[in-house]
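Report on the following structure.
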Amino acid sequence: MNETFSYFAHATAVIDAGCKIGEGTKIWHFSHIMPDCTIGKDCNIGQNVVVSPGVVLGNHVKVQNNVSIYTGVTCEDDVFLGPSMVFTNVSNPRSAVNRRGHYEKTCVKMGASIGANATIICGHTIGRFAFIGAGAVVTKDVADYALVVGNPGRQIGWMSEFGHRLKFDSNQQAVCEESGEKYEQIGGQVRKL
């Protein structure tokens, strides 16, 4: 049995026994939630999404349509996964070689956003509030607040927690245009003040 039924699931969704789903979560058309995965509170799981065994999604995670979240992936609170973005969990797949159970770990830290059609190669960490642009291919770890675009993904700047590009002054400080929050860049890293 599932741990709770205080969530919404569309009639076409498949919810396997043994998964844990938090209160207020919504699971939409044709999605499949597999056993032994954990989905936090107030998440939104879009249409045609697969959440594989052992996956952990924090609270307030938004998964857009056509995303497969494979075993080995953890997403912390407030993560956004854009339409048709892709995770991998084996770096050297072969049809004739069974690598089941040898999945590489991928961690998407709190508040990070991954754009539509982006690909995250397994075994990497996407930092807190990082922003991965649409179509990017991430092949290495991404720093907190980093803006990454292209194939292969390369960092071209920094983003605020509200999703605005940060412009640093001569004192290496920046202000988010929407929130007014201040940020500081030191030694190739950014932190909120």
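The values are calculated or read from the model by the stated rules, or taken from the named source; none is laboratory data. Note that the coordinates shown come from a computational prediction; the quantities given were computed from them, not determined experimentally. Cβ: placed from backbone, ideal geometry, glycine included. Neighbour counts: every protein chain shown.
Val149 meets the stated requirement of being closer than 21 Å to Phe87 by Cβ, β-branched (Val, Ile, Thr) and either touching a strand residue (DSSP E or B) at 6+ places or on another chain (Cβ under 8 Å) or surrounded by 13 or more Cβ atoms within 10 Å (Cβ to Cβ) (or both). Is it the case that some residue within region 67-76 is over 26 Å from Val149 (Cβ atoms), polar (S, T, N, Q) and out of contact with any His (no Cβ under 9 Å at 6 or more places or on another chain)? Among the residues of region 67-76, at least one is over 26 Å from Val149 (Cβ atoms), polar (S, T, N, Q) and out of contact with any His (no Cβ under 9 Å at 6 or more places or on another chain), which makes the answer yes. Looking only at region 27-54, residues that are assigned to a strand (DSSP E or B), within 16 Å of the chain's Cα centre (by Cα) and β-branched (Val, Ile, Thr) come to 5 in all.
For region 75-193, the strands (runs of 3 or more DSSP E) that sit wholly inside it and include 2 or more residues that are hydrophobic (A, V, I, L, M, F, W, C) and at pLDDT 95 or above are 106-108, 146-149, 154-158, 173-175. For region 52-68, which residues satisfy the criterion of being without any contact (Cβ under 8 Å) to a residue 24 or more places away in the chain, under 22 Å from Ser6 (Cβ atoms) and surrounded by 19 or more Cβ atoms within 10 Å (Cβ to Cβ)? Within region 52-68, Val55, Leu57, His60, Val61, Val63 qualify.
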